[in-house]
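Structure record follows, encoded as structure tokens.
The values are calculated or read from the model by the stated rules, or taken from the named source; none is laboratory data. This is a predicted model, so every value here is computed, not measured. Cβ atoms come from the backbone with ideal geometry, glycine included; neighbour counts cover every protein chain shown. SASA here: full protein model, heavy atoms, side chains in, ligands and nucleic acids out. Shrake-Rupley method; radii C 1.70, N 1.55, O 1.52, S 1.80 Å.
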Amino acid sequence: MELQRTAGTPFVPDDVSDVMVVAGPARSYRNNVHEEIKLVQVTGSGFTVRRRGAVHRAAPGELIALHADDAHSGAPEDLDAASWRMMCLSPSLIAEVMPSAMRFGDVVIGDRVLANHFRSLHMLLHGGRIGSALSREGGLLDFVAALALRSDRVAVPGSGALGRIPEIVRDYLRENISRNVTLDELSCVTGAGKYQLVRVCTAHFGLPPHKLHVRLRLDHARWMLRRGMDIAEIAYATGFHDQPHLTRVFSAAYGTTPASYRSSFQGTVRRSWTSSAAQERTRPHGPSAPTVFVRS
């Protein structure tokens with residue numbers, strides 16, 4: 001029998017690592033950045049994704065694929081009727097299937113067979129212990145392999161001599177999550193001029209460095225909220241002025257408050273979420289942060 005879960009509650013299957021599933025009412029969000037591959041299927045409404053100045057519309061039931069480190073906004077066309085199924089695939093899971101990053105030029109995958117495959121897999125994983133662990137893990141890897149065939153072998157902006165700048169900037173901002181980092185600092189650690197730095201980062205992430213830093217802070221705040229940490233402490237650890245400041249920015253980005261987000265995870269997410277992103281975040285982020293994914 002399928003387990004009954006609270007609508008919108010994220011769930012990590014007990015015996016299938018590196019995947020998180022969500023089912024419930026669809027929400028609007030702005031400039032989301034995540035480290036996981038995020039797949040979304042909306043029913044009851046169309047769904048619009050805005051990324052890099054382009055607008056992508058998914059009809060009800062179509063599969064939306066959002067790759068890592070690329071800022072995007074999304075909204076259902078009928079907020080009252082829209083529901084979504086969501087699945088987050090960790091970088092370590094993707095690495096099991098393909099050595100390079102998975103990227104999508106068009107976020108809407110017009111493949112009904114793949115969309116139906118996603119729906120069946122989501123129901124299997126969200127249902128809990130249905131069938132054997134081998135069947136669930138095998139089904140997940142089969143789906144990721146099919147998804148990889150639809151990814152684009154596109155050139156990543158900022159390749160060539162400047163190719164490592166986005167990676168260096170992202171890692172430095174994560175390591176200094178609570179500090180007010182300057183362009184001068186980033187210029188020193190990358191060896192690039194400030195104007196060049198902003199252009200390369202905006203091309204790669206869809207956001208300039210200062211906005212990327214805010215999104216990384218929010219993403220880290222979500223990770224801490226999923227572990228039930230105190231919201232005031234989270235605000236301090238992630239570089240926001242105070243708890244109200246975090247609440248305002250978080251609510252504007254995700255359409256829910258930090259308190260509501262945290263409560264939706266209580267008792268539902270195990271610590272076996274073993275993506276490389278999660279492992280990365282167990283490190284301290286700056287001298288003022290305590291030692292402590294999505295990819296919405």
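Here are a few things to note about the model shown:
- Condition check for residue 100: hydroxyl-bearing (Ser, Thr, Tyr), surrounded by fewer than 16 Cβ atoms within 10 Å (Cβ to Cβ) and either part of a loop (DSSP other than H, G, I, E, B) or under 17 Å from the mean Cα position of the chain (by Cα) (or both): yes
- Meets criteria (open to solvent by less than 60 Å² (accessible area, probe 1.4 Å) and touching a helix residue (DSSP H, G or I) at 6+ places or on another chain (Cβ under 9 Å)) for residue 93: yes
For every residue, the table says whether it meets (1) open to solvent by 10 Å² or more (accessible area, probe 1.4 Å); (2) part of a loop (DSSP other than H, G, I, E, B); (3) modelled with pLDDT of 90 or more.
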position	(1), (2), (3)
214	yes, no, yes
235	no, no, yes
240	yes, yes, yes
245	yes, no, yes
248	yes, no, yes
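- Among (1) of a type outside the set (A, V, I, L, M, F, W, C); (2) open to solvent by 10 Å² or more (accessible area, probe 1.4 Å); (3) closer than 16 Å to residue 33 by Cβ, the one test that residue 72 misses: (2)
- The residues listed here are 140, 149, 134; of these, the one that is modelled with pLDDT of 85 or more, open to solvent by 60 Å² or more (accessible area, probe 1.4 Å), in a helix (DSSP H, G or I) and closer than 30 Å to residue 122 by Cα is 149.
- Selected residue [among the charged types (D, E, K, R), open to solvent by less than 30 Å² (accessible area, probe 1.4 Å) and out of contact with any strand residue (DSSP E or B) (no Cβ under 8 Å at 6 or more places or on another chain)] from 226, 179, 164, 170: 226
- Near pairs, Cβ below 7 angstrom, 6+ apart or cross-chain, from the range 247-263 (within 14 Å of residue 214 (Cβ to Cβ) and of a type in the set (Gly, Ala, Ser)) to any residue that is in a helix (DSSP H, G or I) and open to solvent by less than 50 Å² (accessible area, probe 1.4 Å): 253/218
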